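Enquirer: Take this structure first; my questions come after.
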Amino acid sequence: MTTAKLNSLSKTDIEAMNWYYKVELKPGAYTSARIRPTSSMTRKVVRHIDLKGKSCLDIGAQECLLTAMIARQGAKKVVAYDRLNLSERIELLKEAYDVDFDYYHSLQLNELPARFEAENVQPFDVVVFAGVLYHMIDPLAGLATARSFLREGGLFVIETSVIATGDYTAEFNAKGRFYPGSNYFQISLGTLDYFLRMLRLEPIDLLFTKPGKNKVCRVTIVARAVNHVVATDDDTWLSNGPWFEKDMQSAHLYYDRLQSNKPAVTYKPENDKLRFFKGTEVVDVWSTFKASKHHKVQVTDGQLNLTDHS
């Protein structure tokens, strides 16, 4: 796709493009799409990350709305991945927003570690995993694979739907009772918290939308990668489970490859109602959820504007 091609597109041409995201490609000319208001939470927490000079991976990028914003916030290396091939759209976006990043597509997530290894792609400082988990036939394995790309001290940003309870449940999407399309499991907030801590991800921030039908809501959690399971004192199963590290290798997760002497990525929590497990500095996600007000979605964050820089 060349500059001449973008320049040749009229406002009518752009508005006829059926994209996942509503993206402004020329002043006042947006692609046709439903505004995705859940992008509001993800963009909000990413604004609180010091991205200057950092390496970042955006998993499930679609037309790279968030990828473009990460690049504009000064990240040194930016990589986007999606199993779909949206190359022509991505080239238009890169040109319109004057950003550059590597784009991987047409492969499954569990194939990406081998591709990165073959190309000597190093672990990232920040990994964004937004709108993907409920599409996975094995959510724990998928989450572990996403974790395999993040160095110790880095930040993991996950956005997903959950059932708003502290219970440890994962409900099957039989008959599409939660979502239509290729959605398989709806896990609870308690399960998501536990998955993260099992994978050596220490939650440090939480935003969520107001729960609706079936207690389902959207959450965005920011978690820091550490080199130990994040278990409470009374959880000997998690703290003493010698099998976790070996079992997660089936999802390409090798913690020894992720050890890092780099400084921890700087982040300022957005939620001022954080609650912690007793005697620890680990955020108690369910207690924080109950103590907090739901996020007021900024609808404008669900689309991409040429004037946006974060």
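Enquirer: Every residue in region 102-122 that is part of a loop (DSSP other than H, G, I, E, B) and either within 17 Å of the chain's Cα centre (by Cα) or free of Cβ contacts under 8 Å to residues at least 40 places away in the same chain (or both), please.
Expert: Passing the criteria: 106, 107, 108, 119, 120.
Enquirer: Further, regarding this structure: Can you tell me which residue in region 29-40 is surrounded by the fewest Cβ atoms within 10 Å (Cβ to Cβ), limited to those that are in contact with a Leu (Cβ under 9 Å, 6 or more places away or on another chain) and at pLDDT 95 or above?
Expert: Ranking the candidates gives 29 first.
Enquirer: Has region 239-249 got any residue that is surrounded by fewer than 14 Cβ atoms within 10 Å (Cβ to Cβ), in contact with a Ser or Thr (Cβ under 8 Å, 6 or more places away or on another chain) and not polar (S, T, N, Q)?
Expert: No, every residue in region 239-249 fails to be surrounded by fewer than 14 Cβ atoms within 10 Å (Cβ to Cβ), in contact with a Ser or Thr (Cβ under 8 Å, 6 or more places away or on another chain) and not polar (S, T, N, Q).
Enquirer: Considering 14, 49, which residue is aliphatic (A, V, I, L, M) and assigned by TED's automatic domain parsing to the domain that holds residue 159?
Expert: Every option except 49 fails the conditions.
Enquirer: Any idea which residue in region 210-238 is farthest from residue 37 (Cα to Cα), counting only those that are exposed (fewer than 15 other Cβ atoms within 10 Å of the Cβ), in contact with a strand residue (DSSP E or B) (Cβ under 8 Å, 6 or more places away or on another chain) and not polar (S, T, N, Q)? Don't jump to the end; show me each part of the working.
Expert: So in region 210-238, the residues exposed (fewer than 15 other Cβ atoms within 10 Å of the Cβ) come out as 210, 212-215, 227-228, 233-234, 236-237.
Keeping just the survivors that are in contact with a strand residue (DSSP E or B) (Cβ under 8 Å, 6 or more places away or on another chain) gives 210, 214-215, 227.
Subset that is not polar (S, T, N, Q): 210, 215.
Values: 210: 13, 215: 18 Å.
Filtering region 210-238 for residues that are exposed (fewer than 15 other Cβ atoms within 10 Å of the Cβ), in contact with a strand residue (DSSP E or B) (Cβ under 8 Å, 6 or more places away or on another chain) and not polar (S, T, N, Q), the one farthest from residue 37 (Cα to Cα) comes out as 215.
Enquirer: Also: For the structure I just gave you, tell me whether residue 171 is under 21 Å from residue 265 (Cβ atoms) and surrounded by fewer than 23 Cβ atoms within 10 Å (Cβ to Cβ).
Expert: No.
Enquirer: Still on this structure: Which members of region 1-28 meet the condition of being touching a Leu at 6+ places or on another chain (Cβ under 7 Å) and among the acidic types (Asp, Glu)?
Expert: Result: 24, single match.
Enquirer: Could you grab the pairs with beta carbons closer than 9 Å, sequence gap of 6+ or different chains, first residue in region 218-230 and assigned to a loop (DSSP other than H, G, I, E, B), second one of a type in the set (S, T, N, Q)?
Expert: 227/259; 228/239; 229/239; 230/280
Enquirer: Would you list the helices (runs of 4 or more DSSP H) that sit entirely within region 1-90 and hold 2 or more residues that are in contact (Cβ under 8 Å) with a residue 24 or more places away in the chain?
Expert: Answer list for region 1-90: 3-8, 39-46, 65-72.
Enquirer: Here's another thing I want to ask about it. Taking region 183-215, which residues are part of a helix (DSSP H, G or I) and within 14 Å of residue 229 (Cα to Cα)?
Expert: Hits for region 183-215 are 193, 194, 195, 196, 197, 198.
The values are calculated or read from the model by the stated rules, or taken from the named source; none is laboratory data. Keep in mind it's a predicted model, so treat the numbers as computed, not measured. Note: ideal-geometry Cβ built from the backbone for every residue, glycine included; neighbour counts use all protein chains shown.
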